Amino acid sequence: MKNVLITGASGGIGRAAAVAFAAKGYHVAIHYRSDIEGAEKTRQRCKNAGKGRIFVFQGDVSKATDVSYMFDRIQAEMGGLDILINNAGISDFGLVQDTSEEDWDRLFAVNCKGVFLCSRAAALMMLKKKTGSIVNIGSMWGECGASCETAYSASKAAVSGFTKALAKELAPSGIRVNCVAPGLIDTGMNRRLTREELVSFAEDTPLGRIGTPEEVAKAIVFLAEEDSSFITGQVLAVDGGVTI
Ligand code: NAP
């Protein structure tokens, strides 16, 4: 059985991905930052879904010391990693003139630096085995830009660029790197949106609705596994057609 780490798996897309991997028999490492109850709920659902071992790790992906500690524990307790899902992320909403330097730095620290730190640590493990798969979670806004989400859009565009560069760098070592770019998905991240805003967005989506975390999880599992063995450096939109 293979080992997978999903960052930011205390809810939303990360939890759905963790449960999907558990259902396929993986040993699953659930990572969270602050929502311990959410992480426990994910652990329970993974336990119910499959027979693999379940691990829970806490940490801030933007802090090198936290990431290093988590990967040391993964090596010691799980024996390494086959798949990394860089899912942890935060969003922010506001006009560019109201975006502070701190807001900008925080978004890039979590959404970009976190992806870099975890990928670097995972690559060290995967390079030894000359195999592995990394899936980063970007966003449709990283591909086409969102008004009032300039910092978030820029941070997710950086995730796409990082994906393509790292895919080229690690391909000769048998490691694939891809990205899933979700559209509007029904998770806690969008709690700030009003009912009217959600309906309006759904109407503007070619498939006529917003997406579920489980739909994104299916794309993550596909890109992580051998079914996509000749695919690397790609950004797969899971957005109901918004970015067509
Ligand atoms: P969510 O429900 O808010 O989950 C975010 C996860 O990230 C949580 O588990 C959270 O942990 C973790 N996290 C936040 N800051 C962290 C940090 N500094 N260190 C470690 N973990 C941290 O959001 P979601 O919608 O599932 O989002 C998952 C990913 O999909 C994100 O990268 C997001 O940008 C992307 N995405 C979402 C949508 C959408 O519409 N929902 C669309 C496009 C892309 P704690 O709660 O434990 O602190």
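Just tell me the longest site-free run in the chain, where the sites are trypsin sites (Lys or Arg not before Pro) in a DSSP loop having at most 13 other beta-carbon atoms within 10 Å. Result for the longest clean stretch: 52-129. Starting from the Cα of Ser229, step 7 Å toward the Cβ, then list every residue of region 157-188 with an amide N under 14 Å from that point. Zone members listed by number: 174-176. The H on the amide N of Gly233, modeled in the peptide plane, is under 5 Å from the matching H of Val177, Asn178, each at least 5 residues off or on a different chain. Cα centroids of region 88-160 and region 26-42: 20 Å apart.
Before rounding to the nearest 500, sum -39500 (n - 2.57) across all DSSP H runs of length at least 4 in the chain and divide by the residue total; then give [θ] at 222 nm in deg cm²/dmol. Don't skip to the answer; put the middle values down first.
Working: 9 runs with 113 residues, N = 244.
That comes out to -14500 deg cm²/dmol.
Between the residues Asn190, Gly12, Ala123, the greatest Cα displacement towards the positive end of the dipole of the chain, with unit charges on the Cβ of Lys, Arg, Asp and Glu, is found for Ala123. Could you sort out which of Lys129/Lys218; Lys24/Lys47; Lys130/Lys156; Lys24/Lys51; Lys2/Lys128; Lys113/Lys156 sit more than 19 Å apart by Cα distance in this structure? Over 19 Å apart, Cα to Cα: Lys129/Lys218; Lys130/Lys156. Any chance you could give the angle, 0 to 90 degrees and rounded to 10, that helix 12-23 forms with the longest Cα principal axis of the chain? It works out to around 30 degrees.
Could you state the number of Å between the C-alpha centres of region 1-23 and region 182-244? Centre-to-centre (Cα) distance: 16 Å. The alpha carbons of the chain stretch over 47, 36, 35 Å along the principal axes, in descending order. Amide hydrogen proximity for Gly25: with H placed 1.01 Å from N in the peptide plane, the residues at 5 or more positions away or on another chain lying under 5 Å are Lys51, Gly52.
Residue by residue, region 228-244 carries 3J(HN,Hα) couplings of 10, 4, 10, 10, 8, x, 9, 10, 9, 6, 10, 9, x, x, 4, 8, 4 Hz when phi is fed to the Karplus relation 6.51 cos²θ - 1.76 cosθ + 1.60 (θ = phi - 60°); x denotes Gly or Pro.
Full extension of the segment from Glu77 to Glu40, taken as 0.36 nm per residue of separation minus the current Cα-Cα distance, would add 11.5 nm. Pull out a ≥ b ≥ c, the square roots of the eigenvalues of the alpha-carbon gyration tensor of region 111-244, then state rounded if a/c is under 1.5, prolate if not and a/b is larger than b/c, and oblate in the remaining case. Prolate is the answer for region 111-244, as a/c is 1.5 or above and a/b outweighs b/c.
With every protein chain in place and a 1.4 angstrom probe, the accessible-area ranking of Met140, Met78, Met1, Met189, largest first, reads Met1, Met189, Met78, Met140.
Working note: Debye formula, equal point scatterers on the alpha-carbon atoms of region 1-128, no solvent; log10 I(q)/I(0) at q = 0.11, 0.15, 0.17, 0.21 Å⁻¹ is -0.37, -0.66, -0.82, -1.16. Residues whose amide H lies under 5 Å from that of Gly211, counting only those 5 or more places away or on a different chain, are Leu184, Ile185, Asp186; hydrogens are built 1.01 Å from N in the peptide plane. Shape class of region 22-69 from the alpha-carbon gyration tensor: oblate, with a/c at 1.5 or above and b/c at least as large as a/b.
Roughly how many debye, to the nearest 20, is the charge dipole of region 3-238 about its Cα centre, given +1 on each Lys and Arg Cβ, -1 on each Asp and Glu Cβ, and no other charges?
Numbers: 26 positive and 27 negative charges, 224 e Å.
Charge dipole, region 3-238, about its Cα centre: 1080 debye, nearest 20.
Residue by residue, region 87-94 carries 3J(HN,Hα) couplings of 9, 3, x, 10, 10, 8, 9, x Hz when phi is fed to the Karplus relation 6.51 cos²θ - 1.76 cosθ + 1.60 (θ = phi - 60°); x denotes Gly or Pro.
Would you work out what percent of the accessible area of region 3-238, with all protein chains in place, is carbon or sulfur (probe 1.4 Å)? Intermediate values should be presented prior to the final figure.
Details: 5900 of 11080 Å².
Percent of accessible area from carbon and sulfur atoms in region 3-238: 53.
Given a 1.4 angstrom probe, what's the average accessible area per residue across the chain, in square angstrom?
Working: 11640 Å² over 244 residues.
On a per-residue basis, 48 Å².
Can you give the angle from 0 to 90° between the axis of helix 64-78 and the longest principal axis of the chain, with both taken from C-alpha atoms, to the nearest 10? Around 40 degrees separate the two axes.
The values are calculated or read from the model by the stated rules, or taken from the named source; none is laboratory data. None of these values were measured; they are calculated from a predicted model. No Cβ is skipped: glycine too gets one built from the backbone with ideal geometry, and neighbour counts run over all protein chains shown. For accessibility, only protein heavy atoms count, side chains too; no ligands or nucleic acids. Shrake-Rupley method; radii C 1.70, N 1.55, O 1.52, S 1.80 Å.
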